[in-house]
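S.K.: A single structure is presented below for examination.
The values are calculated or read from the model by the stated rules, or taken from the named source; none is laboratory data. This one's a predicted model, so the numbers in the text were calculated from it and none came from an experiment. Please note: Cβ atoms are built from the backbone with ideal geometry, for glycine as well, and neighbour counts cover all protein chains shown. All accessible areas refer to the heavy atoms of the entire protein, side chains included, with ligands and DNA or RNA removed. Shrake-Rupley method; radii C 1.70, N 1.55, O 1.52, S 1.80 Å.
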Amino acid sequence: APSRRRVLSLFTPATSGGSFARTLTTLRFKKFAQRDGNDVKVSNVRTLATRPTSPDVKIYKFPVAALSSITNRITGVLLSIGCAGVGAAAITIDCNVPVIIDSIKTSAPVLVPAMKLCVGFPLVYHYLGGVRHLVWDYTLKGLDISSMEQSSYALFGGSAVISLVLAFVTF
C-alpha cells in the first residue's frame, strides 16, 4: 500500500517540477491504478500538461465594453456598501457624520481631495453609466461594437475628468 505521505503529495502543490493544476488533471483522467508492492503503478493516464483544469480569467483580454460594464457593477456595489455603512454608523453608534467630515477637513486637509475622489468617481461613473444604459434602452442606438467601444472610452474619460474636477473644487 502506498504511504500516507506519498498519497498526500498528490494533493499538494509540487515544489520541484510540475504544477498543482497538472497533478489535478492527471488525477482527473486516471483510469486505474495497480498496486505493486509498496508503490502504486498508474496505467493508462492521459495528461493535459499544457492546459489548466479550469479557465483562468488572466488569459482573456476583455473588450473595453465588458470592462465598462464590470466597473459599473463594482461602483454600484461600492456605493451601496458605503451608503449602508454610513447610515448604519449614524443610527447605531449615534455618530454625527457632518461633524466627523468637518473634523477630517480641519485635521488632515491634504486627504480631503483623495477622499472626495474615492467617493466622487464611483458616484459619477455609476450615474453616467446609468444614463448611457437609458439612452441605449430608449433609442436602441449605439449597440454596435464600435459605438459601444467609443462610449466606454468616453465614459471612463468623462468620469475621470469630472471626478478630478469635483475632488479639487471647494464649496
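S.K.: Examine region 122-129 for a residue that is in a helix (DSSP H, G or I), free of Cβ contacts under 8 Å to residues at least 24 places away in the same chain and more than 22 Å from the chain's Cα centre (by Cα), and state whether such a residue exists.
M.R.: Pass one, region 122-129, residues in a helix (DSSP H, G or I): 122-129.
In the following step, the residues that additionally are free of Cβ contacts under 8 Å to residues at least 24 places away in the same chain were identified as 127.
Those left that are additionally more than 22 Å from the chain's Cα centre (by Cα): none.
Scanning region 122-129, I find no residue that is in a helix (DSSP H, G or I), free of Cβ contacts under 8 Å to residues at least 24 places away in the same chain and more than 22 Å from the chain's Cα centre (by Cα), so the answer is no.
S.K.: So which of 88, 33 ends up being modelled with pLDDT under 65, of a type outside the set (Ser, Thr, Tyr) and either part of a strand (DSSP E or B) or over 26 Å from residue 133 (Cβ atoms) (or both)?
M.R.: Unique residue meeting the criteria: 33.
S.K.: Which condition from (1) assigned to a helix (DSSP H, G or I); (2) over 27 Å from the mean Cα position of the chain (by Cα) is the one that residue 81 breaks?
M.R.: If we test residue 81 against (1) assigned to a helix (DSSP H, G or I); (2) over 27 Å from the mean Cα position of the chain (by Cα), just (2) comes out false.
S.K.: Follow-up. Can you pull out the residues in region 128-150 that are closer than 25 Å to residue 116 by Cβ and surrounded by fewer than 16 Cβ atoms within 10 Å (Cβ to Cβ)?
M.R.: Going through region 128-150, the residues closer than 25 Å to residue 116 by Cβ turn out to be 128-132.
Of everything in region 128-150, those that are closer than 25 Å to residue 116 by Cβ and surrounded by fewer than 16 Cβ atoms within 10 Å (Cβ to Cβ) turn out to be 130, 131.
S.K.: Still on this structure, I have one more. Here are some residues: 153, 125. Which one is open to solvent by less than 80 Å² (accessible area, probe 1.4 Å) and closer than 20 Å to residue 67 by Cα?
M.R.: The match here is 125.
S.K.: Report, ordered by the first and then the second residue, all pairs with beta carbons closer than 7 Å, sequence separation of six or more or different chains, a first member in region 131-147 that is in a loop (DSSP other than H, G, I, E, B), and a second member that is small (Gly, Ala, Ser).
M.R.: Between residues of region 131-147 that are in a loop (DSSP other than H, G, I, E, B) and residues that are small (Gly, Ala, Ser), the close pairs are 142/151.
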